[in-house]
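Below: the structure, in structure tokens.
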Amino acid sequence: MKFKIHRCNCRNIWSVQNRKTKLIVSSILLNGKWSTEIKPERIRNPKGFVTTTSSQDIILNPALELVEQYIKVEQLIYDKRKVNFNLKEGENLYFADDGSCYVVKKG
């Protein structure tokens, strides 16, 4: 099943959803493969998502000790005006509670 992750800036939270459920959290560690998906034809935001197919790879509100085991490699940036991401796919993402998103690797 596909999971979509996006930022709700109006409430300063991350949303993880699939066809059946929606979870709202402050931070996420995605320990697996991911890709970006855009839907520029949508009338409302969000128009860009990070997607993954494995729920086992999603760690909601990870402990600081776990996050500190990873090294930030690059920032994933979504351009709201152009409706695109600077990266298309990869492995391991950290969605921080400040709204930033980083490609990470085990340190």
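The values are calculated or read from the model by the stated rules, or taken from the named source; none is laboratory data. Since the structure is predicted, the reported quantities are computational estimates derived from the model, not experimental observations. Surface areas here come from the heavy atoms of the whole protein model, side chains and all, with no ligands, DNA or RNA. Shrake-Rupley method; radii C 1.70, N 1.55, O 1.52, S 1.80 Å.
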Accessible surface of the chain, 1.4 Å probe, proportion on carbon and sulfur as whole %: 48 percent
1.4 Å probe accessible area per residue over the chain, in Å²: 64 Å²
Semi-axis lengths, Å, the chain, gyration tensor of Cα atoms, sqrt of 5 times eigenvalues: 21, 15, 13
